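Trainee: This is the structure I want to talk about, given as structure tokens.
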Amino acid sequence: MNKKDSCFSVIMAVFDDAHKLEENLPVFLSQEYEPGYEVIIVDESSTDDTDDVLKLLKRDNPHLYSTFIPKPNPNITRRKLALSIGIKAAKNEWVIISRIGIVPKSQEWLKELSEAADHTTDAIVGYF
């Protein structure tokens, strides 16, 4: 399969980021990428309205998935655990790890990433 035609899984771990989710997640959810993509949010036991915001956004975005981790053992890094869970939940060949506080500059961000890949590409590292 040509990697250019692959689907993406965008994974973010969040903690008490309800406001950032309301503000920034719609940009991730409105990407114009025809092969398709999913956005996976892993909530690190937020105490704010994160769960409510995710429920509202999931109504209109079937490609948005969320899960949570309970308060972990203090010997385990919460962020690493959250990202590991997100990666295991990913259904697509390409996994993108991002942060909710940093927003793609366009609705064609995934398309631009896919154009940077070919059959020899194993990884793409970047920032926006």
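The values are calculated or read from the model by the stated rules, or taken from the named source; none is laboratory data. Every value quoted in this text rests on a predicted model; they were computed, and no experiment measured them. As a convention, Cβ positions derive from the backbone with ideal geometry for all residues, glycine included, and neighbour counts pool all protein chains shown. The accessibility values were calculated without ligands, DNA or RNA, using every heavy atom of the protein model including side chains. Shrake-Rupley method; radii C 1.70, N 1.55, O 1.52, S 1.80 Å.
Trainee: Scan the range 103-128 for residues that are acidic (Asp, Glu) and either part of a loop (DSSP other than H, G, I, E, B) or surrounded by fewer than 10 Cβ atoms within 10 Å (Cβ to Cβ) (or both) and jot them down.
Mentor: Glu108, Asp118, Asp122
Trainee: Could you identify the single residue in Val42, Val95 that is farther than 16 Å from Phe8 by Cα and not small (Gly, Ala, Ser)?
Mentor: Working: Val95 fails: farther than 16 Å from Phe8 by Cα.
Every option except Val42 fails the conditions.
Trainee: Just checking, does the range 23-40 include any residue being part of a loop (DSSP other than H, G, I, E, B), of a type in the set (Asp, Glu) and crowded, with 18+ Cβ neighbours inside 10 Å?
Mentor: Narrowing the range 23-40 to residues part of a loop (DSSP other than H, G, I, E, B): 30-36.
Right, trim to of a type in the set (Asp, Glu) and you get 32, 34.
Okay, now just the ones that are also crowded, with 18+ Cβ neighbours inside 10 Å, so none.
Checking the range 23-40: not a single residue is part of a loop (DSSP other than H, G, I, E, B), of a type in the set (Asp, Glu) and crowded, with 18+ Cβ neighbours inside 10 Å.
Trainee: Here is a further query. Given the options Lys20, Lys80, Lys71, Lys88, name the one that is open to solvent by 90 Å² or more (accessible area, probe 1.4 Å) and either in contact (Cβ under 8 Å) with a residue 60 or more places away in the chain or hydrophobic (A, V, I, L, M, F, W, C) (or both). Spell out how you get there, then give the answer.
Mentor: Values: Lys80 fails: either in contact (Cβ under 8 Å) with a residue 60 or more places away in the chain or hydrophobic (A, V, I, L, M, F, W, C) (or both); Lys71 fails: either in contact (Cβ under 8 Å) with a residue 60 or more places away in the chain or hydrophobic (A, V, I, L, M, F, W, C) (or both); Lys88 fails: either in contact (Cβ under 8 Å) with a residue 60 or more places away in the chain or hydrophobic (A, V, I, L, M, F, W, C) (or both).
Only one candidate qualifies: Lys20.
Trainee: Counting just the residues of the range 13-35 that are of a type outside the set (A, V, I, L, M) and within 13 Å of the chain's Cα centre (by Cα), which one comes out nearest to Lys88 (Cα to Cα)?
Mentor: Going through the range 13-35, the residues of a type outside the set (A, V, I, L, M) turn out to be 15-17, 19-20, 22-24, 26, 28, 30-35.
Still in the running and within 13 Å of the chain's Cα centre (by Cα): 24, 26, 28, 30-31.
Working: Asn24: 24, Pro26: 23, Phe28: 20, Ser30: 24, Gln31: 23 Å.
It comes out as Phe28.
Trainee: Right, here's the next one. Considering only residues that are assigned to a helix (DSSP H, G or I) and among the hydrophobic types (A, V, I, L, M, F, W, C), look in the range 58-102 and name the one that is farthest from Leu29 (Cα to Cα). Walk me through how you get there before you give the answer.
Mentor: So the first thing to find is which residues in the range 58-102 are assigned to a helix (DSSP H, G or I), and the list is 58-60, 78-89.
Filter again for among the hydrophobic types (A, V, I, L, M, F, W, C), leaving 81-83, 85, 87, 89.
Values: Leu81: 24, Ala82: 20, Leu83: 19, Ile85: 20, Ile87: 18, Ala89: 18 Å.
That would be Leu81.
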